[in-house]
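The values are calculated or read from the model by the stated rules, or taken from the named source; none is laboratory data. Worth saying up front: this structure is predicted, and the values here are computed from it rather than measured. Note that each Cβ is placed from the backbone with ideal geometry, even for glycine, and that neighbours are counted across all protein chains shown. Surface accessibility is based on the protein's heavy atoms, side chains included, excluding ligands, DNA and RNA. Shrake-Rupley method; radii C 1.70, N 1.55, O 1.52, S 1.80 Å.
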Amino acid sequence: MNYLTVENIAKSYGELVLFEDISFSVHKDQKIAFVAKNGTGKTSILNMLSGDDIPDSGSIIYRKDVKVSFLSQDPKFDNTLTVEDAILASENPILKVISNYEKALLNPEDTEAYQAAFDAMERHQAWDFETLYKQILFKLKLDNLEQKISTLSGGQKKRLALANALINKPDLLILDEPTNHLDLEMIEWLESFFAKESITLFMVTHDRYFLERVCNEIIELDEGQLYSYKGNYSYYLEKREARIERESVETGKAKQLFKKELTWMRRQPKARTTKSKSRIDDFADIKHRAHQRRNDHEVQLELNMERLGSKILEFHKVSKAFKDKTILNSFDYTFKKGERVGIIGKNGTGKTTFLNILTQTNQPDSGKVVKGDTVKFGYYTQSGIAIKPEQKVIDVIREFGDYIPLKKGRQISAQQLLERFLFSRKKQYDFVEKLSGGERKRLYLCTVLIQNPNFLILDEPTNDLDIVTLNVLESFLLDFPGCIIVVSHDRYFMDKVVDHLFVFKGEGVIEDFPGNYTDYRVYEDSQPVISKTPSEDKKDKQSWKQNEASKLSYNEEKELKNIESKLNSLAYDKKELENKFNNAELSQDEINKLSEELQTIINTIEAKEERWFELSSKLEG
């Protein structure tokens, strides 16, 4: 079933031709990633699909009655609304039914109103949807429904827009960088959500693990031409390399870049299972493998950075808190030469505050940070670059330096650095205000690197960078001989660049793990479940709404019994359906249909069990 057809579209801005005669289509159940370099038209195409822009020529046709949701980079909301108002204002009528039911629960004396609300839930079969709706809000940390949108951060607004898009259960979901502003836990949840929900996707993303695990097709816009690859990221790399070999039109350097990427992908462990089969006890083995990854890299750019002395950076019992929120608690650490540290943790655990204390732009409450005399920081922050009117790309770089020294008396000039980061000589003389968002981030990165630091601090460096640029940056960082600290939600980037992790657990707890992100997730999954005290268990099983009572109301008891009876019925349906697979005469189409039905039942059972546990945990209180 065809949901969307794009025919012969073209877009130009003055003399700049982004693309001409571009055609593609999106069919039911496809999960397509759209890949292109920054500045070649990704955002323009998304804007055309959403109706915010129109092509110069050609047409964009949606199937009649297809339900479409868009997730933009910068979602717009009415700031006078609350989070709950914004959700209820969406297009899904079942949300109104759930809202009425929630209100009826708050007034148990009005049994007539409750019964009407309960009957409406039954009539619209809203129980499953309510569980899904609450799970989405809980996972995206949008549990304060009364919060005004005007008080939300940019990241919270993006998560609210994502929640709205998912809750609307569209036939086709179009996403612009869906993993930006999500912490690692949210990204992994979203991966599994898309894997089990039958939503057709068309997305722009630079998250390569997300591409690998979610997408079943990749469309690449390269030099104004579209290429389609019917597979995930590994498949794309393999077939792209074969295409370039056939065409022999791109530089040897570009070939090598993707060849290295493909080799690296093949060495990676496959997507982790829910539980690891064996516990990893040998940290030394993890550390050995982490360093082995580094040794596999062949240095191409021998940077001659300023010498690092024996004293680099030391934390002595550093503590920091904001009101009642502890960020650091007597933190001790001594950095050594060549360290590559990744920083991970949920949003709000203090990762950026830690970097600000480290660079001494923020002072600790107690303890001290001692910086060595030879240390020269290069700090890439999330704030980006300040644009001056009429300033050209090359001028921005030359304000900070003309070259980076290499070993044996050689050097890399500002122009060569820009070329390495995909700014052609012609592009270097463009005005900065003409650059796309991703190109500006790339330019900002060059301003940090041209200063030839020996201690690089990168706070979310991968946001808005395309996959080709990420490869260039990773290659540069693997050549970099100094210390590196990276805060990133890009798991793939972290796996390639860092040797060990600071895991911010919250409440001032920081765990030092001697491996990369994939190592950490395998290790974490392999740990035995520690039985909790009743009070800890109760705390973990709190309802998604913070102000709900700890005991079940009369209506919740009825709901719990209703779920129990539905689970019994679903278990019976599941068994009946599984028995149908024993028929040896089933056609492939019949098998596919039965598989879809079985998956729907399994998803429903999982959702109902989650709600059952939520209600049951209140009884324990």
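Filter the stretch 211-222 down to the residues that are of a type outside the set (Asp, Glu) and in contact (Cβ under 8 Å) with a residue 60 or more places away in the chain and list them by number. Write out each step before concluding.
Initially, the stretch 211-222 is screened for residues of a type outside the set (Asp, Glu), giving 211, 213-216, 218-219, 221.
Of everything in the stretch 211-222, those that are of a type outside the set (Asp, Glu) and in contact (Cβ under 8 Å) with a residue 60 or more places away in the chain turn out to be 211, 214, 215, 216, 218, 219, 221.
Do you know which of the residues in the stretch 167-176 that are open to solvent by 10 Å² or more (accessible area, probe 1.4 Å) and modelled with pLDDT of 90 or more is nearest to residue 142 (Cα to Cα)?
First, the residues of the stretch 167-176 that are open to solvent by 10 Å² or more (accessible area, probe 1.4 Å): 168-169, 171, 176.
Subsequent filtering for residues that are modelled with pLDDT of 90 or more retains 171, 176.
On the way: 171: 24, 176: 20 Å.
Filtering first and then ranking leaves 176.
Which of the residues spanning the stretch 41-52 are in a loop (DSSP other than H, G, I, E, B) and open to solvent by less than 40 Å² (accessible area, probe 1.4 Å)? Before the answer, list the steps.
Taking the stretch 41-52 and keeping what is in a loop (DSSP other than H, G, I, E, B), we get 41, 51-52.
41 - this is the single residue of the stretch 41-52 that is in a loop (DSSP other than H, G, I, E, B) and open to solvent by less than 40 Å² (accessible area, probe 1.4 Å).
Determine if the stretch 193-200 includes at least one residue that is within 13 Å of the chain's Cα centre (by Cα), of a type in the set (Ser, Thr, Tyr) and open to solvent by 10 Å² or more (accessible area, probe 1.4 Å).
For the stretch 193-200, residues within 13 Å of the chain's Cα centre (by Cα), of a type in the set (Ser, Thr, Tyr) and open to solvent by 10 Å² or more (accessible area, probe 1.4 Å): absent.
Which residue, of 79, 38, 8, is open to solvent by 40 Å² or more (accessible area, probe 1.4 Å) and touching a helix residue (DSSP H, G or I) at 6+ places or on another chain (Cβ under 8 Å)?
Working: 38 fails: open to solvent by 40 Å² or more (accessible area, probe 1.4 Å); 8 fails: touching a helix residue (DSSP H, G or I) at 6+ places or on another chain (Cβ under 8 Å).
Of 79, 38, 8, the one residue that is open to solvent by 40 Å² or more (accessible area, probe 1.4 Å) and touching a helix residue (DSSP H, G or I) at 6+ places or on another chain (Cβ under 8 Å) is 79.
Would you please name the residue that is farthest from residue 308 (Cα to Cα), looking only at residues in the stretch 430-447 that are out of contact with any helix residue (DSSP H, G or I) (no Cβ under 7 Å at 6 or more places or on another chain) and surrounded by fewer than 20 Cβ atoms within 10 Å (Cβ to Cβ)?
Per the criteria, the residue is 434.
Among the strands (runs of 3 or more DSSP E) confined wholly to the stretch 330-415, which include 3 or more residues that are under 33 Å from the mean Cα position of the chain (by Cα)?
Correct list: 340-345, 377-380.
Somewhere in the stretch 236-248, is a residue among the hydroxyl-bearing types (Ser, Thr, Tyr), modelled with pLDDT under 90, surrounded by fewer than 17 Cβ atoms within 10 Å (Cβ to Cβ) and farther than 21 Å from residue 471 by Cα?
So in the stretch 236-248, the residues among the hydroxyl-bearing types (Ser, Thr, Tyr) come out as 236, 248.
Within this subset, residues satisfying the condition of being modelled with pLDDT under 90 are 248.
With surrounded by fewer than 17 Cβ atoms within 10 Å (Cβ to Cβ) added as a condition, the list becomes 248.
Now drop any that are not farther than 21 Å from residue 471 by Cα, which leaves none.
Checked the stretch 236-248: no residue is among the hydroxyl-bearing types (Ser, Thr, Tyr), modelled with pLDDT under 90, surrounded by fewer than 17 Cβ atoms within 10 Å (Cβ to Cβ) and farther than 21 Å from residue 471 by Cα.
What's the total number of residues in the stretch 100-116 that are free of Cβ contacts under 8 Å to residues at least 60 places away in the same chain, of a type outside the set (Asp, Glu) and open to solvent by 10 Å² or more (accessible area, probe 1.4 Å)? It would help to see each step written out before you state the result.
Residues of the stretch 100-116 free of Cβ contacts under 8 Å to residues at least 60 places away in the same chain: 100-103, 106-107, 109-113, 115-116.
Retained after the next criterion (residues that are of a type outside the set (Asp, Glu)): 100-101, 103, 106-107, 111, 113, 115-116.
Keeping just the survivors that are open to solvent by 10 Å² or more (accessible area, probe 1.4 Å) gives 100, 103, 106-107, 111, 113, 115-116.
Selection size over the stretch 100-116: 8.
Given the options 467, 485, 457, name the one that is under 18 Å from the mean Cα position of the chain (by Cα) and of a type in the set (A, V, I, L, M). Before the answer, list the steps.
Numbers: 485 fails: under 18 Å from the mean Cα position of the chain (by Cα); 457 fails: under 18 Å from the mean Cα position of the chain (by Cα).
Being under 18 Å from the mean Cα position of the chain (by Cα) and of a type in the set (A, V, I, L, M) holds for just one of 467, 485, 457, which is 467.
Restricting to the stretch 319-364, and then to whatever is more than 27 Å from residue 477 (Cα to Cα) and of a type in the set (S, T, N, Q), can you tell me which residue is most open to solvent (accessible area, probe 1.4 Å)?
The residue in question is 363.
Condition first: open to solvent by 20 Å² or more (accessible area, probe 1.4 Å), of a type in the set (Lys, Arg) and within 30 Å of residue 190 (Cβ to Cβ). Now tell me which residues in the stretch 117-155 satisfy that.
Scanning the stretch 117-155 gives 139, 141, 148.
Would you mind listing the strands (runs of 3 or more DSSP E) fully within the stretch 452-507 where at least 2 residues are open to solvent by 10 Å² or more (accessible area, probe 1.4 Å), under 18 Å from residue 351 (Cα atoms) and not β-branched (Val, Ile, Thr)? Walk me through how you get there before you give the answer.
Details: elements: 455-459, 483-487, 500-506.
Fully inside the stretch 452-507 and qualifying: 500-506.
Determine if the stretch 541-563 includes at least one residue that is modelled with pLDDT of 75 or more, in a loop (DSSP other than H, G, I, E, B) and either within 20 Å of residue 608 (Cβ to Cβ) or among the hydrophobic types (A, V, I, L, M, F, W, C) (or both).
Taking every residue of the stretch 541-563 in turn, none turns out to be modelled with pLDDT of 75 or more, in a loop (DSSP other than H, G, I, E, B) and either within 20 Å of residue 608 (Cβ to Cβ) or among the hydrophobic types (A, V, I, L, M, F, W, C) (or both).
Of all residues in the stretch 581-599, count the ones that are closer than 21 Å to residue 195 by Cβ, hydrophobic (A, V, I, L, M, F, W, C) and at pLDDT below 80.
Keep residues of the stretch 581-599 that are closer than 21 Å to residue 195 by Cβ, which gives 591-599.
After this cut, where a residue has to be hydrophobic (A, V, I, L, M, F, W, C) as well, the list is 591, 594, 598.
Next cut, at pLDDT below 80 only: 591.
Number of matching residues: 1.
For (1) surrounded by fewer than 16 Cβ atoms within 10 Å (Cβ to Cβ); (2) at pLDDT 90 or above; (3) within 21 Å of residue 473 (Cβ to Cβ), each residue gets a yes or a no:
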{"residue": "389", "(1), (2), (3)": "yes, no, no"}
{"residue": "394", "(1), (2), (3)": "no, yes, yes"}
{"residue": "409", "(1), (2), (3)": "yes, no, no"}
{"residue": "425", "(1), (2), (3)": "yes, yes, yes"}
{"residue": "428", "(1), (2), (3)": "no, yes, yes"}
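Would you mind stating whether residue 503 is at pLDDT 90 or above and more than 18 Å from residue 398 (Cβ to Cβ)?
Values: at pLDDT 90 or above: yes; more than 18 Å from residue 398 (Cβ to Cβ): yes.
So residue 503 fits the description; yes.
Give the number of residues within the stretch 76-123 that are under 30 Å from the mean Cα position of the chain (by Cα) and more than 20 Å from residue 138 (Cα to Cα).
Here the count works out to 7.
Quick check on this structure: which one of 29, 78 is charged (D, E, K, R), under 30 Å from residue 153 (Cβ atoms) and either modelled with pLDDT of 85 or more or part of a strand (DSSP E or B) (or both)? Break it down into steps so the answer makes sense when it comes.
On the way: 29 fails: under 30 Å from residue 153 (Cβ atoms).
One residue alone meets the criteria, 78.
Can you tell me which residue among 211, 190, 182, 162 is open to solvent by less than 10 Å² (accessible area, probe 1.4 Å) and more than 25 Å from residue 501 (Cβ to Cβ)?
Working: 211 fails: more than 25 Å from residue 501 (Cβ to Cβ); 190 fails: more than 25 Å from residue 501 (Cβ to Cβ); 182 fails: more than 25 Å from residue 501 (Cβ to Cβ).
After ruling out the rest, the residue left standing is 162.
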